[in-house]
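The values are calculated or read from the model by the stated rules, or taken from the named source; none is laboratory data. Not measured: the values here are computed from a predicted model. Cβ placement follows ideal geometry from the backbone for every residue including glycine, while neighbour counts extend to all protein chains displayed. Ligands, DNA and RNA are excluded from the accessible area calculation, which covers all protein heavy atoms including side chains. Shrake-Rupley method; radii C 1.70, N 1.55, O 1.52, S 1.80 Å.
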Amino acid sequence: MSKKDKELDEMGLVPELFDGKHQVIPIISGGDDTIEQVQIPEVLPILTLRSSVIFPGSVTPITVGRAKSIALVRAVEAGDSLLGAVLQVDSEVEDPQPDDMHKVGTSARILKILEMPNGNLTVILAGLEKIEVKEYITTQPYFKATVTPIQDTAPDPKNVEFMALVDSIREVALSIINISPSMPKEAAFAIKNLDSSRAIVNFICSNMDLSDDDRQQLLEAPGLMARSRRLLEILVREQQLAELKNDIQSKVKQEIDKQQRDYYLQQQMHVIQDELGDSMDADIERMREAAKKKKWSKTTAEQFDKELARLERLNPSVAEYSVQMNYLQLMLDLPWEELTEDRLDLNAVREQLDKDHFGLEEVKERLLEHLAVIKLKGDLKSPILCLYGPPGVGKTSLGKSVAEAMGRKFGRISLGGLHDESEIRGHRRTYIGAMPGRIIETIKRCGASNPVIILDEIDKVSKSNHGDPSSALLEVLDPEQNTTFHDNYLDTEYDLSKVLFIATANNVGNISAALRDRMEMINIPGYILEDKVHIAQHHLVAKQREAHGIAEDKLSLSDEAVVRIIEDYTRESGVRGLDKSIAKIARNRAKSIAFEEEYVAEVGVADLEKILGKPKFKNDRYDVEGMRGVVTGLAWTEVGGDILYIESILTPGKGKLNLTGNLGDVMKESATIAYEWVMAHHEELGIDKRLFEEHDLNIHVPEGAIPKDGPSAGITMVTSIASTYTRREVKERVAMTGETTLRGRVTAVGGIKEKILAAKRAGITTLILSEENRKDIEEIKAEYVEGLTFHYVTTNNEVLALALK
């Protein structure tokens, strides 16, 4: 037995374990009194260690491969076998310099050197004592440095805290060895059989699977007590990590077992699908080929490739597979940067718009301006238009006509009753059955990124606990933001700036201010009688003939019949009711043709009552001539303008004011203001004061089943009350609209265009308006105000002078 083998044998170690054929763990040579007591020289060769820390009393195998280190080992072996072992700061450094090494290491004796087949050496080192490197004196052929021994101070063996620390360290270390498969079980045997507290602490520091930084901190700890405290902290952390790893591995194993079962089943499915020629691999390959032909940005292509790779990793039997497949199919179906070419023949566009829609000049001019800029510049962000007005005036159908005129695809999104923000932005893909929002879905259906999209009934959007859709529309309808529209389902940006959005609304008051600010508001008023006749004869009759399969020579309507239908069978600003009436006439004519009955091709006024029944509307005609206390007002409704009668009468009483007719709060306040103003000016108006004390005033607005509200009947109520108290009749065919104040000022109201049309329908010839509304009249086309006389007033006295006989 060699001298080195004898030393190993004397320390209780088996020399054969160090022959290079066995796995060796660092162990402790014995108790406190068995650590070799050696006088440490002032200068020691310094062996740099890549990833190992030697502790006093431990026996550790070190692999030596660098030329400088091999030279050191050979020189030390030939001498007294003592060296200093110091850890590198960075293990990646191949040729460390003094600044690359820690200052604290361990003096050690070489017990044995083993030659490895690859030329490296395995050196068995026995740790002796901690040292501090003071100064490196040589670097060639290996490092030498002056060192100072550091005594590892140990507490009193009877110290209760230290004993508790060591016991805790032992228990936690044994627990880690039991639950960690990478730890050799022999280590547990060694821990149980070590009696020395120092030996237990140093053995665990050497043997546990710790990082080099942790080990170096433990070595540098000032004394055994501090090392024990730090070691316990690290062991508790490692125990928690080991338990967590075990838990994860257990779950993964269960999942792998399930996946293996699914895999075998899936392989069988693949075989069946291959036989049927319907392999899922073919779908993935089809998608990959389709992606190569798409016109999309580099970012979008990378996103698609990433999601496709994810699909390939998924098990087709899991629910997420179909979600992922649908998502990728949507990306392929979207047109991305595919655009249709705009028709830039502006005269042809104008002809198409005029052919499909009569009037609507402001909208047509705005679209032609947009196309003119595109023609000159080549590119322009699409405007966001909002067409508002009463129902049936052609707001929605205009969108389809615009798309056809511009040569673009057309899409329509109905927003009426929409209350879920996800309908606009889409649902997140984490949900089964998730879908993209209506914007993206409509663009996919259109097959181009620059369609005309109608946002129908934008004023009917409602708010709920599912979010506010109108807030989601802010991004869609903002030209500065919609270049990067984010759909939750698509989860990537989509450019909406090329889309021409046209919103429609009946009541702009229901649209949020922020949303209104993002759109160009274009008012589409109702049609006058002449417009309706033109639309009926040139559009509606031909449309219904075609819809019912009737030849042109077998059905026509006289202009007088159309006028009678408009006046007696419809009450509207648009032509939707007129279209329905003509459709009914067309069905009647189709029946006559089918039954081979006799008929006259042209439908006249005399035929209407037989086909359409008794006239439905007579009460919007002026019929209050020569009455006191009854005044004609003008009202705005969501279906257009209307005339409104204000009736008042005195009854014996105590001066009370009674209001009837289903009036809202604002209208009740207007009535109170009007009554108080007339009472305050009774002397000027020639009214006996006793009438206010001995009679009640009753004000009624007919059609009590219909709710009414708003301030625009203020001067109408003043006129009605003054007429009743003064017994003066109201002039014939006079109507008025305007808000009044307690001081008798007349202020402006809205809906002037619609109210003027209602006045013309009712046969009114004279209108009294606030001076502030003069600008609204000047903006109206001449044919709308033809035959009407306007009086602009600023005070109630002027109103009474014009209205009362």
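With θ taken as phi - 60° and the Karplus curve 6.51 cos²θ - 1.76 cosθ + 1.60 applied, the whole-hertz 3J(HN,Hα) list for region 115-132 is 7, 9, x, 8, x, 6, 10, 9, 10, 8, 10, 10, x, 10, 8, 5, 9, 10 Hz, x standing for glycine and proline.
Here the chain is treated with +1 on each Lys and Arg Cβ and -1 on each Asp and Glu Cβ, and its dipole about the Cα centre works out to around 1420 debye. The lysines within cross-link reach of Lys708, meaning a Cα-to-Cα straight distance under 17 Å and a gap of 8 or more places when in the same chain, are Lys668, Lys755. Only protein atoms count toward the accessible area here, which uses a 1.4 Å probe; on the chain, the carbon and sulfur part of that area reaches 50 percent.
Distant-in-sequence amide contacts of Lys112, defined by a placed amide H-H separation under 5 Å and a gap of 5 or more residues or a different chain, comprise Ile124. In summary, the lysines within cross-link reach of Lys130, defined as a Cα separation below 30 angstrom excluding same-chain residues under 8 places away, comprise Lys3, Lys4, Lys6, Lys68, Lys103, Lys112, Lys144, Lys158, Lys185, Lys192. To the nearest 10 degrees, how steep is helix 576-594 against the longest Cα principal axis of the chain, on a 0 to 90 scale? Roughly 70 degrees between the two axes. Working ranking of peptides 433-439, 151-157 by packing, defined as the average number of other Cβ atoms within 10 Å per residue, highest first, is 433-439, 151-157. Annotation: the antiparallel percentage among DSSP beta bridges lying fully within the chain is about 60. Here the peptides 584-594, 235-245 are ranked by packing, the mean other Cβ count within 10 Å, and the order with the highest first is 584-594, 235-245. Near Glu441, within a Cβ-to-Cβ distance under 11 Å, what is the net charge of the other residues, with Lys and Arg +1 and Asp and Glu -1? Once positives and negatives cancel, what remains is 0. Taking the Cα centre of each part, how many Å lie between region 511-550 and region 447-462? Result: 18 Å between the Cα centres.
Run the Debye formula on the Cα coordinates of the chain, all scatterers equal and no solvent, and tell me log10 I(q)/I(0) at q = 0.05 1/Å. The computed values of log10 I(q)/I(0) come out as -0.59. Put simply, the amide H of Ser558, placed in the peptide plane, has neighbours under 5 Å in Val603, leaving out anything fewer than 5 places away on its chain. Across Lys580, Lys112, the residue with the most accessible area heads the list, and the full order at a 1.4 Å probe is Lys580, Lys112. Summary of packing: across the peptides 725-735, 711-721, the per-residue average of other C-beta atoms within 10 Å ranks them, highest first, as 711-721, 725-735.
Bridgeable aspartates and glutamates around Lys251 (alpha carbons under 17 Å apart, same-chain partners fewer than 8 residues away excluded): Glu243, Asp262. Taking amide H as placed 1.01 Å from N in the peptide plane, the amide H of Tyr645 sits under 5 Å from that of Gly633, each at least 5 places away or on another chain. Over the chain, accessible surface divided per residue gives 49 Å², non-protein components excluded, 1.4 Å probe. Pairs over the 31 Å Cα-Cα cut-off, from the set Lys298/Lys375; Lys584/Lys781; Lys532/Lys554; Lys400/Lys532; Lys580/Lys781: Lys584/Lys781. Note the angle between two axes, namely the Cα long axis of helix 197-207 and the longest principal axis of the Cα atoms of the chain, as a number of degrees from 0 to 90, rounded to the nearest 10. Tilt relative to the chain: about 60 degrees. Here the contact order of region 370-459, divided by its residue count and restricted to Cα pairs under 8 Å and six or more residues apart, works out to 32 percent. Helix 395-406 and the longest principal axis of the Cα set of the chain meet at an angle near 70°.
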